[in-house]
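Chemist: Take a look at this one; I'll ask things after.
The values are calculated or read from the model by the stated rules, or taken from the named source; none is laboratory data. These figures come from a predicted structure and were not determined experimentally. Cβ placement follows ideal geometry from the backbone for every residue including glycine, while neighbour counts extend to all protein chains displayed. Ligands, DNA and RNA are excluded from the accessible area calculation, which covers all protein heavy atoms including side chains. Shrake-Rupley method; radii C 1.70, N 1.55, O 1.52, S 1.80 Å.
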Amino acid sequence: MEKQKTTLTFYGGVNEIGGNKILLEDKKVRVFFDFGQSFNMGTDFFTGWLNPRQINGLGDYFEFDLLPKIKGIYSEKQLTFTDLPYTKPEIDAVFLSHAHTDHIGHTKFLDEKIPIHCGYGTKIFIKSMEETSSLKLGEHPYKTFRTGDKIEIGHLVVEPVHVDHSIPAAYGFIVHTSEGTIVYTGDLRAHGPRKEMTKEFAEKAYGSEPIAMISEGTRMVEEERRQNYSELEVKKLSNEIVSATKKIVFVTHYGRDTDRFRTFYNVAKNNDRKIVISTKTAHLLSRLVQDKRLHLPDPLKDENILVYYKRKKTGSFLETDYYVWERRFMEKMVNHEFVRKHQSEIVMDLDFYQFTELIDIKPAPDSHFIHSMSEPYSEEDIEDEVMHNWLDHFKIKFQQLHASGHMSRQQLTDLINYIKPKKIFPVHTEHPELFRAVNKNVHLVKPREEYTI
Ligand SMILES: [Zn+2]
């Protein structure tokens, strides 16, 4: 059915950080921008080990209205046990801004006939994630793009432009509709190692004289309480820690933040230490080296990288103890005994959920742990408490060092003032009302309501 107006409907990412699902309808064309899973979706009904059942597909989600009942978007299999009958796809395409779960997680529910457009690097992230975890997004037809491409969906033209974020291959979009241009920021920052990319996006967005801008607002807050460094500061401060100690230094960061990986890789190298990574990180790096523009080291070839193997099955580090995808890196294998003996020569990636390895590694007292992730939102965070109990038990010193993937309130204000959109639709934020201080024409979006452009 042809629409006479151009509309936006927000099915996720409204008054929350993450879970973006933005439907753009323009005449005959219907396109989604991102189809993410929100972080707090369903937490009123599901918690811990109480999860929606995979076997029931969308059934458990529909029960609590966690996903909208829209026809022509979901896969037939996912709808089997629901009262929403399957119909042929009524969506022309889905565009993904980047590979974070809160932007791509719910594509697993989409009809496999709907093409998914994403960055070349984003597809590598998705494939690596599917190979090394239980998360499967399904057999979608992926079409990859790079900056400079113009993708035509009917009369609609979508221009992806790279931006800097805490994962490579992140994009914003400039969308040319029949009513004028709409700009979607995706997630972005202006203080990262590739801030030039964000600048390029801003320039193109400004040049397109947008009638509307869909803007993220993660750090659009009254007062920022959490500490924030630039990537360069994280590097400098962690280098100070590593260069001043003869003890082992553990670090934890978001696995797919390859800028942070590079930071610790360089810090280790500068201090004549090796970096010890997990098999999962090794797998991801071995895939990402395909994208030459990312300039990442190959874990199989780079002598500064060692791969940590946990005790599994027989406990004798036999090849057959490990998943097939893990076996490729065994020539670079180190285990707890090696790490224990070479503590002064190592910087080790150690995720919170792998802390039991500390029991085997037996770090010397006064070793270091750099927490290079967001600080917990609440002071009663249980995992945070458990983490500190472990560190105290092993007498490990804790250091918080993180650079955010998002713009500060001031940077975002500057960006909007520069781009000068006629209207703003805030998403990916808990404080859309704060955008009013920047621009008079802000729509405080309500979920699942249609807005005419
Ligand atoms: Zn993100």
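Chemist: Collect the residues in the stretch 356-403 that are within 27 Å of Glu224 (Cα to Cα), assigned to a loop (DSSP other than H, G, I, E, B) and of a type in the set (A, V, I, L, M, F, W, C), keeping them in residue-number order.
Modeler: Met373, Leu401, Ala403
Residues are listed down the side, and each one gets a yes or a no for (1) of a type outside the set (Ser, Thr, Tyr); (2) over 19 Å from the mean Cα position of the chain (by Cα); (3) closer than 23 Å to Asp187 by Cβ:
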{"position": "Leu67", "(1), (2), (3)": "yes, yes, yes"}
{"position": "Val94", "(1), (2), (3)": "yes, no, yes"}
{"position": "Lys113", "(1), (2), (3)": "yes, yes, no"}
{"position": "Ile116", "(1), (2), (3)": "yes, no, yes"}
{"position": "Thr122", "(1), (2), (3)": "no, no, yes"}
{"position": "Ser133", "(1), (2), (3)": "no, no, yes"}
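Chemist: Which of the residues belonging to the stretch 259-285 are buried (at least 21 other Cβ atoms within 10 Å of the Cβ), among the polar types (S, T, N, Q) and farther than 26 Å from Lys312 by Cβ?
Modeler: Correct list: Thr263 only.
Chemist: Of the residues Leu84, Leu66, only one is modelled with pLDDT under 95, more than 16 Å from the ligand (Cβ to nearest atom) and in contact with a helix residue (DSSP H, G or I) (Cβ under 9 Å, 6 or more places away or on another chain); which? If you could, list the steps in order and put the result at the bottom.
Modeler: Details: Leu84 fails: modelled with pLDDT under 95.
Within the list Leu84, Leu66, the selection yields Leu66.
Chemist: Give the residues of the stretch 196-208 that are within 16 Å of the ligand (Cβ to nearest atom) and either open to solvent by 40 Å² or more (accessible area, probe 1.4 Å) or over 18 Å from Phe95 (Cβ atoms) (or both), sorted by residue number.
Modeler: Residues satisfying the conditions are Met197, Thr198.
Chemist: Let me ask you something else. Consider the stretch 333-349. How many of its residues are open to solvent by less than 10 Å² (accessible area, probe 1.4 Å) and within 16 Å of Ala268 (Cα to Cα)?
Modeler: Selection size over the stretch 333-349: 4.
Chemist: Among all residue pairs at least 6 apart or on different chains, which show Cβ distances below 6 Å where the first residue, located in the stretch 425-453, is without any contact (Cβ under 8 Å) to a residue 60 or more places away in the chain and the second is assigned to a loop (DSSP other than H, G, I, E, B)?
Modeler: Asn441/Lys423
Chemist: Another question about this same structure. Got at least one residue in the stretch 172-190 being open to solvent by 20 Å² or more (accessible area, probe 1.4 Å) and within 16 Å of the ligand (Cβ to nearest atom)?
Modeler: yes
Chemist: Quick one: would you say His140 is touching a Phe, Trp or Tyr at 6+ places or on another chain (Cβ under 7 Å), touching a residue at least 12 places away in the same chain (Cβ under 8 Å) and open to solvent by less than 40 Å² (accessible area, probe 1.4 Å)?
Modeler: no
Chemist: From Lys113, Lys69, Lys88, which residue is basic (Lys, Arg), touching a Pro at 6+ places or on another chain (Cβ under 9 Å) and not in a helix (DSSP H, G or I)?
Modeler: Within the list Lys113, Lys69, Lys88, the selection yields Lys113.
Chemist: For the stretch 25-41, indicate whether the set of residues that are in contact with a strand residue (DSSP E or B) (Cβ under 9 Å, 6 or more places away or on another chain), open to solvent by less than 10 Å² (accessible area, probe 1.4 Å), more than 30 Å from Asp257 (Cβ to Cβ) and not in a strand (DSSP E or B) is non-empty.
Modeler: Within the stretch 25-41, not a single residue is in contact with a strand residue (DSSP E or B) (Cβ under 9 Å, 6 or more places away or on another chain), open to solvent by less than 10 Å² (accessible area, probe 1.4 Å), more than 30 Å from Asp257 (Cβ to Cβ) and not in a strand (DSSP E or B).
Chemist: Let me confirm something: among Glu383, Glu379, which residue is modelled with pLDDT under 95 and in contact with a helix residue (DSSP H, G or I) (Cβ under 8 Å, 6 or more places away or on another chain)? Talk me through it step by step, then tell me what you get.
Modeler: Numbers: Glu379 fails: in contact with a helix residue (DSSP H, G or I) (Cβ under 8 Å, 6 or more places away or on another chain).
Being modelled with pLDDT under 95 and in contact with a helix residue (DSSP H, G or I) (Cβ under 8 Å, 6 or more places away or on another chain) holds for just one of Glu383, Glu379, which is Glu383.
Chemist: So if I check each of Ser75, Ser97, which one is within 16 Å of the ligand (Cβ to nearest atom), buried (at least 21 other Cβ atoms within 10 Å of the Cβ) and in contact (Cβ under 8 Å) with a residue 60 or more places away in the chain?
Modeler: Ser97
Chemist: OK, next. In the stretch 11-24, which residues are surrounded by fewer than 23 Cβ atoms within 10 Å (Cβ to Cβ) and in a strand (DSSP E or B)?
Modeler: Hits for the stretch 11-24 are Tyr11, Leu23.
Chemist: More than 16 Å from the ligand (Cβ to nearest atom) and farther than 26 Å from Phe425 by Cβ: which single residue out of Leu24, Leu58 fits that description?
Modeler: Just a single option satisfies the conditions, and that option is Leu58.
Chemist: Ok, one more. Would you check if Asp164 is within 15 Å of the ligand (Cβ to nearest atom), without any contact (Cβ under 8 Å) to a residue 60 or more places away in the chain and crowded, with 24+ Cβ neighbours inside 10 Å?
Modeler: It is true that Asp164 is within 15 Å of the ligand (Cβ to nearest atom), without any contact (Cβ under 8 Å) to a residue 60 or more places away in the chain and crowded, with 24+ Cβ neighbours inside 10 Å.
Chemist: Here is a further query. Going through Lys150, Lys143, Lys127 one at a time, which residue ends up being more than 16 Å from the ligand (Cβ to nearest atom), modelled with pLDDT of 95 or more, charged (D, E, K, R) and under 16 Å from His103 (Cα atoms)?
Modeler: Lys127
Chemist: Restricting to the stretch 392-434, and then to whatever is open to solvent by less than 20 Å² (accessible area, probe 1.4 Å) and of a type in the set (Val, Ile, Thr), can you tell me which residue is farthest from the ligand (Cβ to nearest atom)?
Modeler: Ile396
Chemist: Could you look through the stretch 359-376, keep only residues that are surrounded by 13 or more Cβ atoms within 10 Å (Cβ to Cβ) and β-branched (Val, Ile, Thr), and pick out the one that is farthest from Arg311 (Cα to Cα)?
Modeler: Out of the qualifying residues, it is Ile370.
Chemist: Moving to a separate point now. Checking Asp60 against (1) of a type outside the set (S, T, N, Q); (2) open to solvent by 50 Å² or more (accessible area, probe 1.4 Å); (3) without any contact (Cβ under 8 Å) to a residue 12 or more places away in the chain; (4) within 26 Å of Asp83 (Cβ to Cβ): exactly one of these is not met. Which one?
Modeler: With respect to (1) of a type outside the set (S, T, N, Q); (2) open to solvent by 50 Å² or more (accessible area, probe 1.4 Å); (3) without any contact (Cβ under 8 Å) to a residue 12 or more places away in the chain; (4) within 26 Å of Asp83 (Cβ to Cβ), Asp60 is out only on (2).
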